[in-house]
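**Student:** Here you go, one structure.
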Amino acid sequence: MKKLLVILIAGLAIYGFLEKNPTIVESYAQQSIAGDQQIADAYQNQQSNVQVAGSGAVIRILPDDTEGSQHQKFILNLQSGQTLLISHNIDLAPRMDALREGDTVGFYGEYEWNPQGGVVHWTHHDPGGSHEDGWLKHKGATYQ
């Protein structure tokens, strides 16, 4: 019972904070919309090598790619309706073992055009220091 009460109080406190600070919620929504638009523009213009950020819902988890560098792969549905393949190098960054369809994943990485909607890779740190670091965010954890 105490645990439930603590959770309820924390939830009310967070709700009150966000209600008094709506710019935080609006800012996140604006970033997501801006990211979707940047990805839509890159797709329409068949551009690659574009650093992008955004978030989406996992609609399909694909088998890991084990040829060469290993990659965890899944498809996100963006708010715009565009789909996007995420290819996350699990030789350089932790694998997201708790990932499930329906989960929301935030991302920052490099967009590469393809006819299916594009792929985002470089969602990890660059051990060589020659490429901008990327990341994935899932359930409060950052993977890079």
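Rule-based calculations on the coordinates, nothing more; no lab input. Nothing here was measured: the structure is a model prediction, and the numbers come from that model. Heads up, the Cβs are rebuilt from the backbone with ideal geometry, glycines too, and the neighbour counts pull from every protein chain shown.
**Student:** Find how much the distance from Ala98 to Asn49 grows on full extension, using 0.36 nm per residue of separation minus their present alpha carbon separation; answer in nm with one decimal. It would help to have the intermediate numbers written out before the result.
**Tutor:** On the way: separation 49, 0.36 × 49 = 17.64 nm, distance 2.89 nm.
Stretched fully, the Ala98-Asn49 segment lengthens by 14.8 nm.
**Student:** While we're here: Less than 13 Å Cβ to Cβ from Arg100, Lys/Arg counted +1 and Asp/Glu -1: what total charge do the surrounding residues give? Don't skip to the answer; put the middle values down first.
**Tutor:** Details: positive: Arg60, Lys139; negative: Asp97, Glu101, Asp103.
Value of the local net charge: -1.
**Student:** If r is the Cβ-Cβ distance from Ile61 to Gln37 and R0 is 30 Å, what FRET efficiency results, to the nearest 0.05? List each step's numbers first, then the result.
**Tutor:** On the way: r = 26 Å, r/R0 = 0.88.
For Ile61 and Gln37, the calculated efficiency is 0.70.
**Student:** Next up: Skipping prolines and chain starts, which residues have an amide H placed within reach, meaning under 5 Å, of the one on Gln70, given they are 5 or more residues away or on another chain?
**Tutor:** Ile90, Asp91
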